[in-house]
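Asker: Got a structure for you, questions after.
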Amino acid sequence: MPFGVDEAGKGPALGSMFAAAVHCDAPDDLPDGIRDSKRLSPERREELAATLRGDDRIAIGVAEITPARIDDPETDMNSLAVAAHATAIEGALADRARVASADEQFSGLCDACDTDADRFARRVADACSLEALTVDARHGADDESPLVGAASIVAKVERDSHVAALADEYGPVGSGYPGDSTTREFLADYVDEHGNLPPFARASWSTCEDALAAAEQTGLEQF
């Protein structure tokens, strides 16, 4: 019973991280054109995600890790990625696991979010509540496996939809990544106007800390 898992939004300074798991009995049931989401246009990703969600032969699970969880000093991004992958797997397999026979096995592949792929696979398997589960992990799995590629598409569409909703409410926020000039400009303007970070910022990220420090320095120079 194969599945694939990937995440989107591990590195941005703004917004949540998402993980998605895609399960189907026959990977040939996946739509044509599945590949790593980074190699597809936003429009094509949305088309493929809609096709995946509309197919009864395919089960999808999605997990969201909020900025509040990311900023928790008691955790780290690798542990949160493990939790997200495990939750997504449970979501994708929940219905099938309820009716599975005693000898039915579930196995799948994660795009590794740890420098040690085997360690990441073990941690995801341990974090899952499902029994009879075998998890593998590899770097670059979204390029190698159609199921992981499908998961990368779903996760990226979820992340893009999340960022679009933020932009609808707060104005242009960019991609949320530290290297995005629109994101940096948004943070600077927001902090300058409100005196604090927006509620969807990852306050523990250096990009956000720098925006606060720059605003404080500007305030001091005005006196």
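The values are calculated or read from the model by the stated rules, or taken from the named source; none is laboratory data. These numbers come from a predicted model, not from an experiment. In this analysis, Cβ positions are derived from the backbone assuming ideal geometry, glycine residues included, and neighbour counts consider all displayed protein chains. What goes into the accessible areas is simple: the full protein's heavy atoms, side chains included, and nothing from ligands, DNA or RNA. Shrake-Rupley method; radii C 1.70, N 1.55, O 1.52, S 1.80 Å.
Asker: Exposed loop GluC sites (Glu not before Pro) only (DSSP loop, at most 15 other Cβ atoms within 10 Å): please give the longest stretch of the chain free of them, not including the sites.
Answerer: Longest site-free region, per DSSP loop and neighbour criteria: 132-223.
Asker: Of Pro31, Ile70, Ala214, which is farthest along the charge dipole of the chain in the positive direction, counting Lys and Arg as +1 and Asp and Glu as -1 at C-beta?
Answerer: Pro31
Asker: Could you tell me what percent of the accessible area of the chain is made up of carbon and sulfur, with a 1.4 Å probe and every protein chain present? Numbers along the way, then the final one.
Answerer: Working: 5100 of 10970 Å².
So the carbon and sulfur contribution to the accessible surface is 46 percent.
Asker: Which value, in Å² rounded to 10, gives the accessible area of Val148 with a 1.4 Å probe and all protein chains present?
Answerer: 0
Asker: What accessible area per residue comes out for the chain, rounded to a whole number of Å², with a 1.4 Å probe? Before the final figure, lay out the partial values.
Answerer: On the way: 10970 Å² over 223 residues.
The answer is 49 Å² per residue.
Asker: Might you report the magnitude of the Cβ-based charge dipole of the chain about its Cα centre, with Lys and Arg at +1 and Asp and Glu at -1, to the nearest 20 debye? All intermediate terms of the calculation are to be shown ahead of the outcome.
Answerer: Working: 19 positive and 44 negative charges, 54 e Å.
Magnitude of the dipole: close to 260 debye.
Asker: Then there is this: Go ahead and run the numbers for FRET between Tyr170 and Glu46, Cβ-Cβ distance against an R0 of 25 Å, rounding to 0.05.
Answerer: Details: r = 22 Å, r/R0 = 0.88.
Computed FRET efficiency for Tyr170 and Glu46 comes out at 0.70.
Asker: What is the spin-label model distance, in nm, from Arg96 to Glu131 if the labels are put 7 Å beyond Cα along the C-beta direction?
Answerer: The two pseudo-label positions are separated by 1.9 nm.
Asker: Separate question: State, to one decimal in nm, how far the label point of Asp72 lies from the label point of Arg35, with both points 7 Å from Cα in the Cβ direction.
Answerer: Calculated label separation equals 3.8 nm.
Asker: Let me ask another. From the residues Pro199, Pro172, Thr115, which one has its Cα farthest along the dipole of the range 64-223 in the positive direction, the dipole being from +1 and -1 charges on Cβ of Lys/Arg and Asp/Glu about the Cα centre?
Answerer: Among Pro199, Pro172, Thr115, the one farthest towards the positive end of the dipole of the range 64-223 is Thr115.
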